[in-house]
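The next block holds one structure in the form of structure tokens; read it before the comments.
The values are calculated or read from the model by the stated rules, or taken from the named source; none is laboratory data. Remember, predicted model here, so these are calculated numbers, not experimental data. Positions of Cβ are generated from backbone atoms using ideal geometry, with glycine treated the same way; all protein chains shown enter the neighbour counts.
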Amino acid sequence: MRIERNLDLTEFNSYRIHSVAETAYFPETTEEIKKLADSINPIIIGGGCNVIFAQDCYAQPIMFVRDNYSGISSNGECLVVKAGTDLKVLSEYAKDHSLSGVEYYYDIPGCVGGATIMNAGCNGRSFSELLEEVTFYDIEKETISTMTKEEMRFEYRGNVLKDMKVVVLEVVLRLQKSSQTDIALLMENNKENRWAKQPRDYPSAGSVFKRPVGHFVGPMITEVGLKGYRIGDAMISDKHAGFIVNLGNASAGDIISLIRMAQEKVKAQFGVELELEQRIIG
Ligand SMILES: Cc1cc2nc3c(=O)[nH]c(=O)nc-3n(C[C@H](O)[C@H](O)[C@H](O)COP(=O)(O)OP(=O)(O)OC[C@H]3O[C@@H](n4cnc5c(N)ncnc54)[C@H](O)[C@@H]3O)c2cc1C
């Protein structure tokens, strides 16, 4: 297992916030994950595409579940996928096996464990629609368990595991046979549509807030006058006000100040509470 001391986390989070992990672990086996989870109470990070590293330096160890713990095997229309597998790698694999379903997640950065915990989604679809089962290590009970999709009680960007102390290890996805050409077309169209709307020239962590029922976040933030508003190097995107981008050296503090400002102004003008989708790692 790779262990890093004083690891610069800039390349390990999509906001490209500078922070340091005193110790970072990259386990390769389930046994190593269990041992770390039991002994050092680590912070768990996948692709780092939905997190805000709020501390300058983390004394609490960080355990990465990404390409160090990845792999896919197929069983007919089902894929068994380890949690650290990148969504792009998964999408390419599914396409190569003429399996449809994952192409909607091709352009969502991050890993399968993160997509499961966050119930990632776009265009009204959610990752949970593909899931048959989720296997995880329950740190409190010290057991490996498997839950069906129904037991996971998925909802918009949530599920029962989200606030439990668990490490997602593996998922089973049920996909559908399709032609590689159709799948490739969907992947590319999906990516093209997203890139047309989203700010992809600067680092971000996707949508900052969950979509409140009956409202759209971007237009409300635009309406309160914050589109393009900047604190330090953090800016509410002038392309899509639901995103915050890092123009260069944004700190977590800059980003969090913008978040609070947007929440206050939207609450004052529309009476709507904007709930944070991104996770602040304190
Ligand atoms: C440009 C851009 C566009 C995006 N578009 C979308 C979008 O359309 N839809 C969407 O839903 N999201 C979007 N996102 C956000 C992000 O890509 C997703 O939330 C993604 O699923 C996060 O995966 P991750 O592996 O990076 O998770 P991380 O950011 O590493 O972690 C997220 C949370 O999951 C936990 N976690 C991660 N792995 C595990 C594990 N194995 N076991 C237990 N807990 C774990 C972490 O502790 C953390 O709380 C976007 C991000 C960017 C940068």
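Look at (1) within 16 Å of the ligand (Cβ to nearest atom); (2) touching a strand residue (DSSP E or B) at 6+ places or on another chain (Cβ under 9 Å); (3) assigned by TED's automatic domain parsing to the domain that holds Glu140 and you find that Ser91 fails only one, number (2). Among the conditions (1) under 21 Å from Ser126 (Cα atoms); (2) away from the ligand (no atom under 11 Å from the Cβ); (3) without any contact (Cβ under 8 Å) to a residue 12 or more places away in the chain, the only one that Glu264 does not satisfy is (1). Residue selection: Arg174 satisfies the criterion of being assigned by TED's automatic domain parsing to the domain that holds Tyr104 and touching a strand residue (DSSP E or B) at 6+ places or on another chain (Cβ under 6 Å).
Considering (1) near the ligand (Cβ under 9 Å from one of its atoms); (2) of a type in the set (Ser, Thr, Tyr); (3) within 24 Å of Ile144 (Cβ to Cβ), say which one Tyr105 fails and leave the rest. Here Tyr105 clears every test but (3). A single entry from Ala205, Ala234 fulfils the requirement of being more than 10 Å from the ligand (Cβ to nearest atom) and hydrophobic (A, V, I, L, M, F, W, C): Ala234. Taking the numbered list (1) surrounded by 17 or more Cβ atoms within 10 Å (Cβ to Cβ); (2) over 30 Å from Glu275 (Cβ atoms); (3) of a type in the set (Val, Ile, Thr) in turn, Ile17 passes all entries but (2). Here Asp163 meets the list (1) more than 19 Å from Cys122 (Cβ to Cβ); (2) at pLDDT 95 or above almost entirely, failing just condition (2).
Applying a threshold of 6 Å to beta carbon distances and a minimum spacing of six or more residues, or different chains, the list of pairs starting in segment 1-26 at a residue that is closer than 22 Å to Ala37 by Cβ and ending at one that is small (Gly, Ala, Ser) reads Glu4/Ala24; Leu7/Ala21; Leu7/Ala24; Leu9/Ser19; Leu9/Ala21; Phe12/Gly48; Asn13/Gly48; Glu22/Ala59.
For segment 56-84, a residue qualifies if it is crowded, with 16+ Cβ neighbours inside 10 Å and closer than 26 Å to Leu276 by Cβ, and the qualifying residues are Tyr58, Pro61, Ile62, Met63, Phe64, Val65, Arg66, Ala83, Gly84.
Whenever a residue of segment 150-175 is part of a helix (DSSP H, G or I), its partners that are within 13 Å of the ligand (Cβ to nearest atom) and β-branched (Val, Ile, Thr), lying with C-beta atoms within less than 9 angstrom and at least six residues away or across chains, give the pairs Glu151/Val134; Glu151/Val160; Met152/Thr116; Met152/Val134; Met152/Val160. Evaluate segment 130-144: report whether one residue or more is under 18 Å from Ala241 (Cα atoms) and within 13 Å of the ligand (Cβ to nearest atom). There is no residue in segment 130-144 that is under 18 Å from Ala241 (Cα atoms) and within 13 Å of the ligand (Cβ to nearest atom). Among the residues of segment 105-128, which ones are of a type in the set (Ser, Thr, Tyr), in contact with an Asp or Glu (Cβ under 9 Å, 6 or more places away or on another chain) and in a helix (DSSP H, G or I)? Once the filter is applied, which keeps residues that are of a type in the set (Ser, Thr, Tyr), in contact with an Asp or Glu (Cβ under 9 Å, 6 or more places away or on another chain) and in a helix (DSSP H, G or I), segment 105-128 yields only Ser128. Restricting segment 214-268 to residues that are among the acidic types (Asp, Glu) and in contact with a helix residue (DSSP H, G or I) (Cβ under 9 Å, 6 or more places away or on another chain), the residue that is nearest to Ala196 (Cα to Cα) is Glu223. Residue count for segment 110-129, restricted to those that are more than 7 Å from the ligand (Cβ to nearest atom), surrounded by fewer than 23 Cβ atoms within 10 Å (Cβ to Cβ) and farther than 9 Å from Asn159 by Cβ: 5.
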